[in-house]
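Novice: One structure follows; several queries about it will come next.
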Amino acid sequence: MSDNKEILTLAVEIGDELLRNGGEIYRVEDTIFHILKAFEIENYDVYVLSNGIFASANEDSDDSCSIIRHVPLGDVHLGKITALNQLSREISEKKCDIKTAWEKLNECRNIPMPQTKTLTFFTGLGCSCYTYIFGGSFLDAFFAFFLGMVLKIFLLYGKKRKTSKFITNILGSAFVTAGSLFLYHIGAPVFHDKIVIGDIMPLVPGIALTTSIRDLFNGDYLSGAIHLLDALLTAMCIAVGVGSMIILYRYIPGGKILP
Amino acid sequence: MILQIIAAMLAVASFSILFCVPKSQLLYSAIIGGIAWFSYLSFMGMGAGTVISSLAATFLLAVLARIFALHLKKPVTIYLMAGIFPLVPGSGIYYTSYYFIMNDMTSFVAKGMETFKIAGAIALGIIFGSAIPQKLLLITVRKK
């Protein structure tokens with residue numbers, strides 16, 4: 001009976017993909033439960049952490065099988081999560097068999113990231129809008145747009161080189177601060193702090209914080225703690241990056257006193 | 001004020017694109033983000049302070065995200081994640097580290113505590129929003 005094995009693999013693969021793209025723990029567990037139930041496996045156990053999946057089915061019979069998966073913390077891709085959600089809905093309504101499910105899973109996997117150009121442009125736009133709503137002027141928003149675009153290019157480059165997340169966060173926020181202090185230094189009439197606040201928004205751990213709270217609320221304390229730690233460390237990295245540049249600026253000859 | 005809300009909606013929409021929210025859902029997440037920012041500003045305008053305003057705005061955001069998710073049969077996450085960004089205390093992180101470096105310890109402690117309180121308020125807002133029973137939300141959907 002290799003059937004059993006295949007169903008469990010399918011369920012865990014879907015769960016893996018959900019977790020990798022930023023799904024919450026209870027969603028992953030629920031999805032795996034529903035798929036196993038839809039294919040009439042009664043006896044199963046699933047344990048999901050924010051970077052691992054443990055699952056077994058039919059422990060007490062001859063065709064027992066189990067899977068352990070390691071899932072690294074990855075980028076958020078909500079499009080994939082939506083598609084996978086749809087897929088699991090179809091499976092639990094028994095609208096598709098195993099073969100079509102595999103095909104659809106592969107389709108979901110191949111949903112591409114937006115192009116670099118798009119990502120860069122919208123980071124810039126987002127940053128400038130945040131600069132504006134946090135009290136910056138139009139001129140601040142204008143500069144924040146360009147700094148945000150350069151920041152995104154740097155972040156994408158860092159991701160390609162697989163640089164540690166801490167380093168990219170520190171360097172990214174340092175770069176943004178340096179840029180806005182430079183504008184301030186050459187006498188442009190800008191609020192340097194507003195530009196920095198707008199431009200660190202792509203680095204701020206909003207997603208880690210949200211996911212961690214939702215995991216904690218659902219009783220997944222360990223996974224919640226992992227994401228909370230991630231959020232706190234990221235915030236600290238940003239503080240280090242921003243702070244180091246402000247200190248450096250004091251020692252630049254002709255550096256004005258910051259207000 | 002109107003300009004602020006439009007900017008917030010634009011910001012939320014462009015961050016939604018960064019997180020690859022499906023194109024058909026962009027408008028909804030922008031609307032939710034705009035409403036959350038509007039309620040934040042309104043509470044601030046009434047003199048409620050940053051912490052209470054964040055709490056109220058996040059609560060509204062979480063409830064709206066769940067209603068939209070029910071209505072459109074999509075995961076809640078896609079509306080919640082981008083919409084939360086305007087409320088996350090990015091400026092708190094900046095000013096806390098700034099005062100720390102400037103050796104302004106009074107302001108540092110005040111800002112640091114405020115940042116932590118806002119983070120806590122966001123947490124509570126999401127938790128209260130998720131705690132509303134599904135049935136209650138279903139009623140609101142049907143009424144529409």
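The values are calculated or read from the model by the stated rules, or taken from the named source; none is laboratory data. All values reported here derive from a predicted model rather than from experimental measurement. All Cβ positions, even for glycine, are placed from backbone atoms using ideal geometry, and neighbour counts span all protein chains on display. These accessible areas exclude ligands, DNA and RNA; they are computed on the full protein's heavy atoms, side chains included. Shrake-Rupley method; radii C 1.70, N 1.55, O 1.52, S 1.80 Å.
Novice: Quick check on this structure: which one of A:I81, A:I41, A:I91, A:I53 is β-branched (V, I, T) and in a loop (DSSP other than H, G, I, E, B)?
Specialist: On the way: A:I81 fails: in a loop (DSSP other than H, G, I, E, B); A:I91 fails: in a loop (DSSP other than H, G, I, E, B); A:I53 fails: in a loop (DSSP other than H, G, I, E, B).
Result: A:I41 is the single residue among A:I81, A:I41, A:I91, A:I53 that is β-branched (V, I, T) and in a loop (DSSP other than H, G, I, E, B).
Novice: Can I ask one more? Would it be correct to say that A:S61 is open to solvent by 20 Å² or more (accessible area, probe 1.4 Å) and assigned to a loop (DSSP other than H, G, I, E, B)?
Specialist: Values: open to solvent by 20 Å² or more (accessible area, probe 1.4 Å): yes; assigned to a loop (DSSP other than H, G, I, E, B): yes.
In short, yes.
Novice: Filtering the stretch B:100-127 down to residues that are within 10 Å of chain A (Cβ to nearest Cβ) and open to solvent by 60 Å² or more (accessible area, probe 1.4 Å), which residue is farthest from A:A231 (Cα to Cα)?
Specialist: B:F100
Novice: Sticking with this structure for a sec: Mind counting the residues in the stretch A:138-155 that are open to solvent by 40 Å² or more (accessible area, probe 1.4 Å) and touching a residue at least 24 places away in the same chain (Cβ under 8 Å)?
Specialist: Of the residues in the stretch A:138-155, 5 are open to solvent by 40 Å² or more (accessible area, probe 1.4 Å) and touching a residue at least 24 places away in the same chain (Cβ under 8 Å).
Novice: Out of everything in the stretch A:222-241 that is more than 14 Å from chain B (Cβ to nearest Cβ) and more than 14 Å from the chain's Cα centre (by Cα), what residue ends up being surrounded by the most Cβ atoms within 10 Å (Cβ to Cβ)? Working first, answer last.
Specialist: Let us first name the residues in the stretch A:222-241 that are more than 14 Å from chain B (Cβ to nearest Cβ), namely A:222-223, A:226.
Filter once more, keeping what is more than 14 Å from the chain's Cα centre (by Cα): A:222-223.
Details: A:L222: 11, A:S223: 25.
Only one residue tops the list, namely A:S223.
Novice: Please count how many residues of the stretch A:78-99 are more than 21 Å from the chain's Cα centre (by Cα) and under 25 Å from A:A208 (Cα atoms). Break it down stepwise before answering.
Specialist: Initially, the stretch A:78-99 is screened for residues more than 21 Å from the chain's Cα centre (by Cα), giving A:87-99.
Cutting the leftovers down to under 25 Å from A:A208 (Cα atoms) gives us A:88.
Counting residues in the stretch A:78-99 that are more than 21 Å from the chain's Cα centre (by Cα) and under 25 Å from A:A208 (Cα atoms) gives 1.
Novice: Also, I was wondering about something else. Pick from A:G187, A:G219: which is on the phi > 0 side of the Ramachandran plot, more than 9 Å from chain B (Cβ to nearest Cβ) and modelled with pLDDT under 85?
Specialist: A:G187
Novice: Take the residues in the stretch A:199-210 that are assigned to a helix (DSSP H, G or I) and within 8 Å of another protein chain (Cβ to nearest Cβ), then tell me which one is surrounded by the most Cβ atoms within 10 Å (Cβ to Cβ).
Specialist: Going residue by residue through the stretch A:199-210, those that are assigned to a helix (DSSP H, G or I) are A:199, A:206-210.
Still in the running and within 8 Å of another protein chain (Cβ to nearest Cβ): A:206-207, A:209-210.
Values: A:G206: 24, A:I207: 24, A:L209: 24, A:T210: 27.
Among those residues, the one meeting the criterion is A:T210.
Novice: Determine, yes or no, whether B:V76 is free of Cβ contacts under 8 Å to residues at least 60 places away in the same chain, at the interface with another protein chain (Cβ under 8 Å from one of its Cβ atoms), under 27 Å from A:T118 (Cα atoms) and of a type in the set (A, V, I, L, M). Before the answer, list the steps.
Specialist: Values: free of Cβ contacts under 8 Å to residues at least 60 places away in the same chain: yes; at the interface with another protein chain (Cβ under 8 Å from one of its Cβ atoms): no; under 27 Å from A:T118 (Cα atoms): yes; of a type in the set (A, V, I, L, M): yes.
No, not satisfied.
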